[in-house]
Amino acid sequence: MQLQNDLLLRAAKGEKVERTPVWLMRQAGRILPQYRAVRESVSGFIELAQTPELAAEVTIQPVELLGVDAAIIFSDILVIPEAMGLPYEMVEKRGPWFPQTVQSEADLKKLRIADGANDLSYVIKAIEITKKELAGRVPLIGFAGAPWTIFAYMIEGSGSKTFSKARAMLYTQPEFSHRLLQMITNSTINYLKAQIQAGADLVQIFDSWAGILGPKQYQEFSLKYIAQICDAINQVPKTVFAKGAFFAREEMAKLNCETIGLDWNMGIAESRKLIGSTKTLQGNLDPAALYGNPDQVREATQDMMQQFKGTRHIANLGHGVYPDIDPEMVKVFIETVKKY
Ligand code: CP3
């Protein structure tokens, strides 16, 4: 189906755009009261994510209610460990939790490489329904976690400030770590291909825990696998968002992807210099800027737009929108980008 608004795809590819496209990381399922209403009709996040009709509904909400230039499929990065044989739970107010983790050779043996279309058929179905219901209004973004970030949860078993167990594993069992990372990578490639087959127009890789590795380890245990994913996916534009990886920007410029996401610690001019002009940059307003009043949000957004002006850019925040942000301030952010 022909897209009525393909600004995101053109901006990603570096083609001419009338205005900068805008969407928000974590726009589906954090801030909208309409999301909470749907969420309360089911037992929890996992049931919602596994019910394709409802996942499609909350995916489309931000398009209709906020006016973003893209939808992102409602799911989570942790569906991959589950599809590999390591199920997770979402603990209310605390986040993800894995009853079992990966520590030993025996644990690794119990895992399998996920087959996207079968093991994650509920996400694939949700993408198909979403595409039908969007009817070409905006592109649909598919996504997955980067292998390092997924590895960190599979070893640690939950969120953590330091992920010290996962980082310890890289030092104490590097060969074991590489084997698990390769299994995650193969699963992720299968999964992203199935998402694209079902209709995803662009895919984003979230490396949320990039910033806790040093540059050398980041190269060896993360970028290497992200590069494999980028090289394996050629059907749609790819975005790589590595939170905190300011030290890896020159290396990331070599990835076979169209767009690099910036967090708000990364200077815009400096990032452009390090990454060069052949990639689109996405981001990077501090999500906390949306706690301001409308004038403050407008000013912060215009300041960001000014710094990206005339270069390949997709407007976004520097990380996911915080759950307690007023949707009205999100609208001010979006309107300011659109009018710029
Ligand atoms: O962008 C979107 O809105 C699409 C949906 C989406 C979710 N998670 C839904 C979700 C996306 C893209 C993600 C990605 C994700 N999940 C990341 C990478 C992006 C980032 O923020 O760095 C990470 C690290 C996770 C892991 C995860 N899932 C955590 C740490 C948590 C708990 C904190 C939180 O965000 O609420 C989740 C749960 C989660 N993922 C919820 C939603 C809507 C909330 C669950 C609930 O409703 O109870």
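Worth a mention:
- Inter-centroid distance (Cα atoms) of segment 297-340 relative to segment 1-65, Å: 17
- The phi torsions of segment 12-26, fed into the Karplus equation with coefficients 6.51, -1.76 and 1.60 and a -60° offset, translate into couplings of 4, 7, x, 8, 5, 10, 6, 8, 6, x, 9, 8, 10, 4, 6 Hz, rounded to whole numbers, with Gly and Pro shown as x.
- Ligands, DNA and RNA are left out, and with a 1.4 angstrom probe the accessible area of the chain is 41 Å² per residue.
- The distance separating the Cα centre of segment 188-209 from that of segment 120-157 comes to 6 Å.
- Amide H contacts under 5 Å for Gln204, placed H, 5+ residues apart: Gly142, Phe143, Ala144, Thr239
- The Cα atoms of segment 48-97 give a gyration tensor whose axes a ≥ b ≥ c have a/c of 1.5 or more with a/b greater than b/c, which makes the shape prolate.
- Per-residue Karplus couplings for segment 114-125, computed as 6.51 cos²θ - 1.76 cosθ + 1.60 with θ equal to phi - 60°, are listed in order as 6, 9, x, 5, 8, 5, 10, 4, 5, 5, 4, 5 Hz, Gly and Pro entered as x.
- Label-reachable residues, segment 286-323, where backbone N falls under 14 Å from a point 7 Å from Arg36's Cα toward its Cβ: 323
- Measuring max minus min along each principal axis, the C-alpha atoms of segment 217-266 give extents of 31, 22, 14 Å (largest first).
- Compactness of segment 76-123 was expressed as the Cα radius of gyration divided by 2.2 N^0.38 Å, which yields 1.22.
- A Förster radius of 22 Å combined with the Cβ-Cβ distance from Lys224 to Arg112 puts the calculated FRET efficiency at roughly 0.50.
- Across the accessible surface of the chain, with the other protein chains kept in place and a 1.4 Å probe, carbon and sulfur atoms take up 50 percent.
- Taking amide H positions as modeled 1.01 Å from N, with prolines and chain starts lacking one, the residues under 5 Å from Ala114 and 5 or more places away or on another chain are Ser187.
- One compactness figure for the chain is 0.94, namely its Cα radius of gyration divided by 2.2 N^0.38 Å.
- Too-long pairs where the Cα-Cα distance tops 26 Å, listed order kept, from Lys131/Lys224; Lys238/Lys338; Lys161/Lys216; Lys224/Lys338; Lys13/Lys243: Lys131/Lys224; Lys224/Lys338
- Each 5 Å bin from zero up to the one holding the largest Cα-Cα distance in segment 227-340 carries the following percent of pairs: 2, 12, 23, 21, 17, 13, 8, 3, 1.
- Sorted into 5 angstrom bins from 0, the C-alpha pair distances of segment 49-166 split as 2, 11, 19, 19, 17, 14, 10, 5, 2, 1 percent.
- Sorting 195-203, 237-245, 304-312, 142-150 by average packing, meaning the other beta carbons within 10 Å per residue, from highest down gives 142-150, 237-245, 195-203, 304-312.
- Computed from backbone phi, the HN-Hα couplings of segment 289-298 come to 4, 6, 7, x, 7, x, 5, 5, 5, 4 Hz, rounded to whole numbers (Karplus: 6.51 cos²θ - 1.76 cosθ + 1.60, θ = phi - 60°; Gly and Pro given as x).
The values are calculated or read from the model by the stated rules, or taken from the named source; none is laboratory data. Since the model is a prediction, treat every value here as computed from it, not as a measurement. Reconstructed Cβ throughout: ideal geometry from the backbone, glycine too, with neighbour counts over all protein chains shown. The area values use the complete protein model at the heavy-atom level, side chains included, leaving out ligands, DNA and RNA. Shrake-Rupley method; radii C 1.70, N 1.55, O 1.52, S 1.80 Å.
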